[in-house]
Amino acid sequence: MSGNTHRPIGHQYALAMIGGGEARVRTVAEATGTQLTLDAFLRVQDEEPVPAFLHSALCAMSLPTKRPKDDTLPIVREDGKYALAINPRPVLQTVDGKPVMRSLGVPYGAYPRVALIYLLSQAVTKRSRDVYLGRNFTEWMRRLGYQTVSYGPRGTANLMREQVDRLLACEWQIRWEGQDSGDNAFAVRDVKISNEYAGSLERNGAFAREIRMSEAFYSHLVDHAVPLNEVAIRELKGTPTALDLYTYLAYRLPRITADRGQVISWDQLAKHLGNDADSKRFRQTVRETMQLVSAVYPNADVDFSGRTVVLRPSPAPLERRLVGPHLRLVGAPAAESAPRSSVSRTTRTPRRTADPGEPLVPFPTGSLAFGTREAKFRAIGLDKGQPWCVDTMATAFRTGFPGIKELRPDSEWLRVWEAFVIRYAERRSQTREG
């Protein structure tokens, strides 16, 4: 592995997984990695990807990582054809028994990023403007991946509540002038993510369990949603720069078509990530952050080692196989004898190995209620997805799974479909119980 030590640690782990399985990954981690990156890599490799989504403009341009000196001023981001403005509009509040108008300020840090991804993911996945949060704030925090929820002035619950109130009180302007293939010029002017949101607490002090996304924002979100992996978001949720770098790469890399990739300046990357200017400190921060990001997105083929940034075409984060050309062995499976991960997880789906002679086919189209080939998919839906309609789940799968247009062996489709059905049933059951 000495020839690969210049690579981000996630790339080194991936090469080790291809060459010798988990045992070799742990050997690499002992020499050059950390427990944090090792655990993140193993969890993302061991769990089935869970689709999450973020608006493409918010992948290209970020919220502030820290509280601005004057957080009541609008935040403006621009980089060539992109422009984003976040304006903290005053809201009506009661102070000492009297109604007053005051600005909550712009959102900043990791909390609003995690909350925003959750809200937008729910809207895209369910194809609905109505987003259910939970029965109470503790339940919602746990949905976001925070297993320990504390209260008090600096508790995680109150910090999240403050940032969500800031996030949803802001008005947004988004301009995007597309010229590349697949880009569409659009403008969203003076809209809120939720026009009806009045704070995380209802008038009686109870938790607001559901919000309704504004029609203008929702309609643009559906057309410009970028697929992410919820498992990776959970691993990065404590670091805003890691979330920004991950979402930017998730948006940008799959869209690059030239084999030689694309070269951008460090100053351009700084603008994307919400920094005022390029600096040695910024470069060092990005290089260090990429160690963790590469652990959850090893297929991301980027080079941050030089005077410019090189972005190369890469699979989307939901592609679970280690397929990046920078990993040498394109599509090579991990060793069959590799031991399973000792990292804890909530659910585990056994891996299935496809027969090399299996034909590559698309996911079944139309109803799963009829047909010989469809019978296996129907059986999984009836067994694992009770009491939900199999065809309803199939429609959600075709809508939300980013690799739906690919050709795969039936055994692979059945594995992915089973994982989706289990997750779908769990989430729908939680919503119904709420």
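Considering the range 60-73, the residues that are closer than 30 Å to ARG255 by Cα and in a loop (DSSP other than H, G, I, E, B) include one that is farthest from the chain's Cα centre (by Cα), namely LYS66. The residue of the range 137-157 that is nearest to ALA110 (Cα to Cα), among those that are among the polar types (S, T, N, Q) and surrounded by 14 or more Cβ atoms within 10 Å (Cβ to Cβ), is THR156.
For the subset of the range 361-371 comprising residues that are among the aliphatic types (A, V, I, L, M) and in a loop (DSSP other than H, G, I, E, B), which member is nearest to ARG408 (Cα to Cα)? Once the filter is applied, the top-ranked residue is LEU368.
When you check LYS126 against the structure, is it exposed (fewer than 12 other Cβ atoms within 10 Å of the Cβ) and modelled with pLDDT of 85 or more, yes or no?
Numbers: exposed (fewer than 12 other Cβ atoms within 10 Å of the Cβ): no; modelled with pLDDT of 85 or more: yes.
The answer is no for LYS126.
Within the range 282-289, is there a residue that is exposed (fewer than 13 other Cβ atoms within 10 Å of the Cβ), part of a helix (DSSP H, G or I), modelled with pLDDT of 90 or more and not acidic (Asp, Glu)? Within the range 282-289 (the criterion being exposed (fewer than 13 other Cβ atoms within 10 Å of the Cβ), part of a helix (DSSP H, G or I), modelled with pLDDT of 90 or more and not acidic (Asp, Glu)), the answer is yes, since at least one residue qualifies.
For the range 372-388, which residues satisfy the criterion of being exposed (fewer than 13 other Cβ atoms within 10 Å of the Cβ) and either acidic (Asp, Glu) or assigned to a loop (DSSP other than H, G, I, E, B) (or both)? Of everything in the range 372-388, those that are exposed (fewer than 13 other Cβ atoms within 10 Å of the Cβ) and either acidic (Asp, Glu) or assigned to a loop (DSSP other than H, G, I, E, B) (or both) turn out to be THR372, ARG373, ASP383, GLN386, PRO387.
Would you check which residues across the range 238-265 are more than 26 Å from LEU116 (Cβ to Cβ) and surrounded by 15 or more Cβ atoms within 10 Å (Cβ to Cβ) and list them? Result: GLY261, GLN262. The residue pairs whose first member lies in the range 209-225 and is farther than 13 Å from ASP130 by Cα, whose second member is among the hydroxyl-bearing types (Ser, Thr, Tyr), and whose beta carbons are closer than 8 Å, counting only pairs six or more residues apart or on different chains, are HIS224/SER56; ALA225/SER56.
Can you find even one residue in the range 40-50 that is at negative phi, of a type in the set (A, V, I, L, M) and out of contact with any strand residue (DSSP E or B) (no Cβ under 8 Å at 6 or more places or on another chain)?
Start the filter on the range 40-50 by keeping residues that are at negative phi, which leaves 40-50.
After this cut, where a residue has to be of a type in the set (A, V, I, L, M) as well, the list is 40, 42, 44, 50.
Now narrow it down to the ones that are out of contact with any strand residue (DSSP E or B) (no Cβ under 8 Å at 6 or more places or on another chain): 40, 42.
The answer is yes, given that some residue of the range 40-50 is at negative phi, of a type in the set (A, V, I, L, M) and out of contact with any strand residue (DSSP E or B) (no Cβ under 8 Å at 6 or more places or on another chain).
Is one or more of the residues making up the range 199-212 surrounded by 15 or more Cβ atoms within 10 Å (Cβ to Cβ), of a type in the set (Lys, Arg) and either at pLDDT below 85 or outside any helix (DSSP H, G or I) (or both)? Yes: one or more hits. From the list LEU221, LEU249, the lone residue that is in contact with a Phe, Trp or Tyr (Cβ under 9 Å, 6 or more places away or on another chain), within 30 Å of ILE404 (Cα to Cα) and in the same structural domain as ARG67 (by TED's automatic domain parsing) is LEU221.
Of all residues in the range 219-266, those satisfying the criterion of being in contact with a Ser or Thr (Cβ under 9 Å, 6 or more places away or on another chain), polar (S, T, N, Q) and assigned to a helix (DSSP H, G or I) are THR241, THR247. Among the residues of the range 267-277, the ones that are in contact with a Phe, Trp or Tyr (Cβ under 9 Å, 6 or more places away or on another chain), farther than 28 Å from THR32 by Cα and in a loop (DSSP other than H, G, I, E, B) come to 1 in all.
For the range 398-434, the tally of residues that are within 21 Å of the chain's Cα centre (by Cα), modelled with pLDDT of 85 or more and aromatic (Phe, Trp, Tyr) stands at 2. What about VAL124, is it closer than 27 Å to THR156 by Cβ and of a type in the set (A, V, I, L, M, F, W, C)? Considered against the rule, which asks whether it is closer than 27 Å to THR156 by Cβ and of a type in the set (A, V, I, L, M, F, W, C), VAL124 comes out as yes.
The values are calculated or read from the model by the stated rules, or taken from the named source; none is laboratory data. All figures in this text were calculated on a predicted structure; none of them were measured in a lab. For neighbour counting, all protein chains shown are included, and Cβ atoms are generated from backbone atoms with ideal geometry for every residue, glycine included.
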